[in-house]
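Here is the structure we will look at.
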C-alpha cells in the first residue's frame, strides 16, 4: 500500500508543478511560478523592514506555519477530486488497481507535503531577506536565524494546518461537481472557521468571557501553542476520518 500511496503522491506533484490537472485545463492553476509568487509576496517586504527583529517575532510562525500553507493549498485541494471529475480522469483513476485508501492518502500526503514545503521555503526566504536588510546596520555583523522554538512551531503548525486544509479540501472536493464550486465552499468554510470562535465568545455570558480571557492571560506562550496545536490536531483527525468514511469508490464512479 505504501508503494501505491507514493505512486499517487508523485502523480499529484507532477500536476502541481505543471500548474494544471494533467488535462491541459489548468485545474491546479498555480504551478511553480504561482507558488513562488505567493511565497515572494509574503516573504520579502516585511522581513526587509524588520531586519533581525524578525527572528524574535511571532510573525514568521503565523505566516509560515498557517498563512502560506493555507494560501498554497486552498485551490490545490479543491481540485483534488472535483478537478479529476471535470477532466474526466476520475473514472480512469478509480478503475486502476489502486485501493481506495491509497488514492485518498496519496492525494492527502502530496498536498500536506506541498503546503508544508511552501511554509518552510517562505521561512528560509524571510531569513535571507532579514539578514540582508539595512535595519541590521546598528546591530552588528554576523548572520542570525530563528530560535529552535520558532522553527519547531513553524514545522508543527505547518504540518497540522496542511493536514487540516487537505482533509477539508478532499472532503469538499469529493462532493463538489466542479473545482470552482469546491473553491467557493472551501473559502466560505474557512471564513466561518476563523470567525466562528469570536462570534461564539461574544455570545457567551460576561462571566464566561472574563474566565476565558483570564485563562489565556495566565497561560504562557508554550501552553497556548500546545493548546492551539492540540485543537488543530483533533479537528484535523476528525475531518480526516470523515473523509475516509465518505470516500467510496462505487459512489464516485456513479457520480
Q: Report, in degrees rounded to the nearest 10, the 0 to 90 angle that the Cα long axis of helix 179-203 makes with the longest principal axis of the chain.
A: 40
Q) How many angstrom separate the Cα center of segment 59-102 from the Cα center of segment 137-204? A) 15
**Q.** Listed peptides 94-107, 150-163, 224-237, 54-67 by packing density, highest first (mean Cβ within 10 Å)
**A.** 150-163, 54-67, 94-107, 224-237
Q | Rounded to 10°, Cα long-axis angle of helix 68-86 versus longest principal axis of the chain | A | 10
Q | Sorted peptide list for 203-209, 5-11, criterion being average Cβ within 10 angstrom, highest first | A | 5-11, 203-209
**Q.** Per-residue [θ]222 nm for the chain (sum of -39500 (n - 2.57) over DSSP H runs n ≥ 4, rounded to 500)
**A.** -25500 deg cm²/dmol
Q | Principal-axis tilt of helix 2-18 within the chain, Cα atoms, nearest 10 degrees | A | 70
Q) For the pair residue 132 and residue 155, how long in nm is the line joining their label points, each one 7 Å along Cα→Cβ? A) 2.6
Q) Most fluctuating residue of 192, 243, 177 in a GNM of the chain with Cα springs under 10 Å: which is it? A) 192
Q) With r defined as the distance between the Cβ atoms of residue 192 and residue 97 and R0 fixed at 51 Å, what FRET efficiency is calculated, to the nearest 0.05? A) 0.85
Q | Rounded FRET efficiency, nearest 0.05, which uses the C-beta distance separating residue 46 from residue 148 and R0 of 22 Å | A | 0.45
Q: Take each of the peptides 81-87, 183-189, average the number of other beta-carbon atoms within 10 Å over its residues, and list them starting from the highest.
A: 81-87, 183-189
Q. What FRET efficiency would be calculated for the residue pair residue 175, residue 10, taking the C-beta separation as r and a Förster radius of 35 Å, to the nearest 0.05?
A. 0.85
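Quick note: the coordinates plus some simple rules give every number you see, no bench work behind them. Since the model is a prediction, treat every value here as computed from it, not as a measurement. Here Cβ is always computed from backbone atoms with ideal geometry, including for glycine, and neighbour counts include all displayed protein chains.
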